[in-house]
Amino acid sequence: MAPRNRDDNFMDVDSDSDISLLGDVERRGKGKGKGKAADKRKKDKGKAKAKEQAYTWEASYTRSWDTVQEDEAGSLQGAVEDLMARGRRRRLLAPAAAIRRTIIRHLVLLLDLSAAMMDRDMRPTRFDLMLQYAREFVVEWFDQNPLGQIGVVGMRAGIGERIGEMSGNPQDVLKCLSDRTRLEPTGEPSLQNAIEMARSSMSHLPTHSSREILIIFGSLTTCDPGNIHDTLDACVKNKIRISVVALAAEMKISRDLCDKTGGQFGVAMNEGHFKDILFELVPPPAQRAVARAGGPGANPAADLMMMGFPTRLPDSSPPSLCACHSDMKTEGFLCPRCMAKVCDVPTDCDICGLMIVSSPHLARSYHHLFPVKPYETVTSMEGESETTPACHACARIFSTSASTAAASEGISLWGRYRCPDCHNDFCTECDVFVHDVIHCCPGCGK
């Protein structure tokens, strides 16, 4: 029998290829196991290295769910009390001495309406979030500054656009901020044009009122027709205070605007921080000292100003023309000097120029000048012979045993907070309500 031709493409049956194949498989299996072990060691080493050195972006990342911790019983009451304690500690750190503040404020709100406001780094967009917080800011601002007035100016397409006139009625300001289609962002902003428009609208204001500009800026560029530093010098000369809330990053011109005029500057890191730094501008700023001939320790001059308290017309009164809009209306207010009819107060009479305010508005403006003293934390009930069993404000019964939560600064384990003047005890909710809402102690009336 002739031998078969050997072909390299076919395997010889008599060869020991099966044995070699099994050996190769066995060797590959052993090598694979060794590779897995090596990969596992490298992975463990990488995990340890990651734990030791985190990524750069993790340094600024906040795990919001870790800030709320449950107690042993699974309750979140301790976390809520801790949040209240933080606000209470901020009040305790506030200066106890009286600070001279301006209660008659005039503010121009400058809104960035450029194309950069359509970015989605803040949900839903910078533009929508800015309008939402601006409306909330206006409501809170008028609640704490009832004698103030607000005007709105927009920045887009390289020009400054007047959106709302200076008004003391919050409904007028909210109306001009509610029309989203009218405020559609486009083009580039112009800081100089917008500031010049705001400065010209406040040039006629009296010296006893504050002149403030609040800029919400989301762009990294500004398209100005001239030297913006000349505009900055004019604002310093006119004693206009400029504050900037940046949504993108800090720019040197924004910092210079705030530093040279005495305003505040902040860069929003997220939606919550944006609202915090915006609402920090609601209380009236401290008035800067003015040098006088009496020396550096002398008080600044106190100028008297004339105000008028109007007469309110009932709804059943006959319709007549108002002096501010020339509309036929039944309700309104009569100027005590010239008897002209105006629609809302506070305002300046269009006929005689008298500032018309209502007495409740004037009384509400004084809580910034004479704030309620921080209540003292009751840390122990030892030696307390005569203590009230309930809160002096809401009559809520106090707990007879101390809380089991961890003690921290500004928190009373007994839930009692005492007024330093009338020595009445108040609960946690009433303490926050007195200092943040009514600004008057129910016990002593101070």
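The values are calculated or read from the model by the stated rules, or taken from the named source; none is laboratory data. These numbers were taken from a predicted model, which means no experiment stands behind them. Methodologically, a virtual Cβ is constructed for each residue, glycine included, from the backbone with ideal geometry; neighbour enumeration extends over all protein chains shown. All accessible areas refer to the heavy atoms of the entire protein, side chains included, with ligands and DNA or RNA removed. Shrake-Rupley method; radii C 1.70, N 1.55, O 1.52, S 1.80 Å.
Report, for segment 102-288, the % of DSSP beta bridges that are antiparallel, rounded to 5.
DSSP beta bridges in segment 102-288 are roughly 20 percent antiparallel.
If you plug each phi of segment 105-115 into the Karplus form 6.51 cos²θ - 1.76 cosθ + 1.60 with θ = phi - 60°, what whole-Hz ³J(HN,Hα) values come out, in order, with x for Gly and Pro?
Result, ordered by residue: 10, 10, 10, 10, 9, 9, 9, 7, 10, 7, 5 Hz.
Give me the one-decimal nm value for the distance between modelled label points at residue 367 and residue 306, 7 Å along each residue's Cα-to-Cβ direction.
Modelled inter-label distance: 3.2 nm.
What FRET efficiency do you get for residue 186 and residue 250 if R0 is 25 Å and r is their Cβ-Cβ distance, rounded to the nearest 0.05?
About 0.50, to the nearest 0.05.
Residue 207 to residue 376: FRET efficiency via 1/(1 + (r/R0)^6), r the Cβ-Cβ distance, R0 41 Å, to the nearest 0.05? Write out the running numbers ahead of the final one.
Details: r = 40 Å, r/R0 = 0.98.
Calculated value: 0.55.
Name the trypsin sites (Lys or Arg not before Pro) in segment 185-248 that are in a loop by DSSP and that have at most 16 other C-beta atoms within 10 Å, would you?
239
Any number yet on Rg/Rh for segment 303-425, C-alpha, Kirkwood?
1.31
How many nm is it between the label spots at residue 140 and residue 118, if each spot is 7 Å from the Cα in line with the beta carbon?
Placing both labels 7 Å along Cα→Cβ, they lie 3.0 nm apart.
Quick one: what are the phi-derived ³J(HN,Hα) couplings along segment 151-164, Karplus 6.51/-1.76/1.60 with θ = phi - 60°, whole Hz, x for glycine and proline?
Per residue, the Karplus-derived 3J(HN,Hα) values read x, 10, 10, x, 10, 6, 6, x, 10, x, 10, 6, 9, x Hz.
Out of the GluC sites (Glu not before Pro) in segment 312-401, which ones are loop residues according to DSSP with at most 10 other C-beta atoms within 10 Å?
Details: sites: 331, 376, 382, 384, 386; in loops: 331, 382, 384, 386.
Sites meeting the loop and neighbour criteria: 382, 386.
Could you check how much of the accessible area of segment 307-366 is carbon and sulfur, as a whole percent, using a 1.4 Å probe?
Carbon and sulfur: 55 percent of the exposed surface of segment 307-366.
Give the Cα extents of segment 307-366 along the principal axes, in whole Å, largest first.
Principal-axis extents of the Cα atoms in segment 307-366, largest first: 35, 24, 16 Å.
Between residue 271 and residue 179, 0.36 nm times their residue separation minus their Cα-Cα distance comes to what?
Difference between extended and current length: 30.9 nm.
Using θ = phi - 60° and the Karplus curve 6.51 cos²θ - 1.76 cosθ + 1.60, what whole-Hz ³J(HN,Hα) does each residue of segment 365-378 get, with Gly and Pro shown as x?
For segment 365-378, the Karplus curve yields 6, 7, 6, 6, 7, 10, x, 5, 5, x, 6, 7, 7, 7 Hz.
In nm, to one decimal, how far is the residue 421 label point from the residue 390 one, both placed 7 Å along Cα→Cβ?
2.5 nm
What FRET efficiency, computed as 1/(1 + (r/R0)^6) with R0 = 22 Å and r the Cβ-Cβ distance, is obtained for residue 437 and residue 317, rounded to the nearest 0.05?
0.05
Using modelled amide H (1.01 Å from N, peptide plane; none on Pro or chain starts), what sits under 5 Å from the amide H of residue 354, excluding residues fewer than 5 places away?
Those qualifying (amide H under 5 Å, at least 5 residues apart or on another chain) are 349.
Which length gain, in nm to one decimal place, applies between residue 359 and residue 220 when the Cα-Cα distance is subtracted from 0.36 nm times their residue separation? Intermediate results must be reported in sequence, preceding the final value.
Numbers: separation 139, 0.36 × 139 = 50.04 nm, distance 4.50 nm.
Full extension of this stretch gives 45.5 nm more.
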